[in-house]
1. Which is part of a helix (DSSP H, G or I) and either under 16 Å from HIS121 (Cα atoms) or open to solvent by less than 10 Å² (accessible area, probe 1.4 Å) (or both), of ILE186, ILE208?
2. From LEU61, LEU127, LEU79, grab the single residue that is more than 19 Å from the chain's Cα centre (by Cα), within 23 Å of PRO180 (Cα to Cα), in contact (Cβ under 8 Å) with a residue 12 or more places away in the chain and open to solvent by 10 Å² or more (accessible area, probe 1.4 Å).
3. For the list (1) touching a residue at least 60 places away in the same chain (Cβ under 8 Å); (2) out of contact with any Asp or Glu (no Cβ under 9 Å at 6 or more places or on another chain); (3) open to solvent by 40 Å² or more (accessible area, probe 1.4 Å), I need the number of the one condition that GLU218 fails.
4. Being surrounded by 22 or more Cβ atoms within 10 Å (Cβ to Cβ) and in a helix (DSSP H, G or I), is that true of even one residue in segment 435-446?
Amino acid sequence: MAEEKSIGAAEAGEPANVTARPLAAPPRVGVFAGRFRWVICGLLFLGVTKNYMDRQVLGVLKGPLQHQFGWNEIDYGNLVFAFQTAYALGMIFVGRLIDRLGTRVGYAVAMVFWSLASMGHAVANSLMTFAIARSALGFGEAGVFPASIKSVAEWFPKKERALATGIFNAGTNVGAIVTPLIVPWIAVHLGWQWAFLLTGALGFAWLILWLILYRKPEDHTYCTSDERAYIQSDPVGPSGKIKWARLLQYKQTWAFAAGKFMIDPIWWFYLFWIPDYLQREHGLRLTQIGLPILAIYVISDVGSVAGGWLSSSLIRRGFSVNAGRKWAMFVCALSVLPIAAVYRISGLWPATLLIGLAAAAHQGFSANLFTLTSDLFPSRAVGSVVGIGGMAGAVGGMLIAQVVGHVLQWTNSYMIPFFIAAAAYSIALVLIHTLSPKLEPARIDQE
């Protein structure tokens, strides 16, 4: 780690041979000595996995619940709309709350809230009560990405943030893999209510780990002095809170928000409708959708890590942050285009693989998009900026919920949704480049 410390000092504009003031020697933590930041990354990965399990249970059980309660496609779209509306509102408050309470307490509060909301689905018995449960779930789940991105900003130097973001963001795929594998079994053998109860209860197991393991690097006994110096090797700006109204003055904020508005609805579409697509278009039963969905999200896991690795690798090879991030996003935008042809493919596995490629491209694009917040803003503003962007993405999700619900009800075809999915990333990249052509950091701390 001494080499990492010297590199970090040189990048911070200090002589490489400057010795940091000795700190109290923390206890060694075995193989994680000097690398405890990756334990934190793993904890974030588990939190995101749990988050996506909770939000996908309804999508997996869409068919049986529609049959039991008599919902049509528009009714189901309205449930997704309720989730997205609350998620958007949650982003207004929860992202700000993370910055005010701090990452450790803020994430813990969000986890408890949304886990209880997930379990609350088990007592729903009508469209209205499901809508209330979905709204509560959406509001609480709004905390996951502001807290996770802020954690990465606290525990990783800029050169590693895209990779760390790609790793924890892969939890979205693992959650989407695990849910269709276990939820059908639970629903068949124990009843659909237990699917919501058991997945929701997992949040309290995660909470114990979080409260035991998470502190800032400067307060953590498992973070060695060399690792702390490496983490904090980037120039440090002033502390203090930044008002949302001030953040909205910067084009960098709008660049991130525009990207989220365009791409987040596509991921919601995959999450809430792909199980139905597999059953409707390929004749699968509820207990048969697990393997194709497993393939889709395993492929997308690779895309999440690869997208973060690609931009980080380009930057290490001498590319600017601007070039590294945008080239990576451009590759992802190209890779998603073939999904436009999925609706015409009759074979289950060719369609599955094309959807997997598009999901991988989304995750690679998303990892780099999230990392832009810590590239463009100081750590004290990251939670709020992610909240603003998340709200924009949720508004886009509200729109896609209505579009897909009505299109399916009127046409009984997935053609239009897949066309929208193919075009969204190219449009997002154009908007990001237009609003922030050089990815210059917002000069908040100089004003």
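1. Details: ILE208 fails: either under 16 Å from HIS121 (Cα atoms) or open to solvent by less than 10 Å² (accessible area, probe 1.4 Å) (or both).
Going through ILE186, ILE208 in turn, the sole match is ILE186.
2. Working: LEU61 fails: open to solvent by 10 Å² or more (accessible area, probe 1.4 Å); LEU79 fails: open to solvent by 10 Å² or more (accessible area, probe 1.4 Å).
The unique qualifying residue is LEU127.
3. The one condition GLU218 does not meet is (1).
4. No, there is no match, as no residue in segment 435-446 is surrounded by 22 or more Cβ atoms within 10 Å (Cβ to Cβ) and in a helix (DSSP H, G or I).
The values are calculated or read from the model by the stated rules, or taken from the named source; none is laboratory data. Just so you know, these numbers come straight off a predicted model, no measurement behind them. Cβ coordinates were reconstructed from backbone atoms using ideal geometry, including for glycine residues, and neighbour counts include every protein chain displayed. Side chains are part of the model used for accessible areas, which takes the heavy atoms of the whole protein and leaves out ligands, DNA and RNA. Shrake-Rupley method; radii C 1.70, N 1.55, O 1.52, S 1.80 Å.
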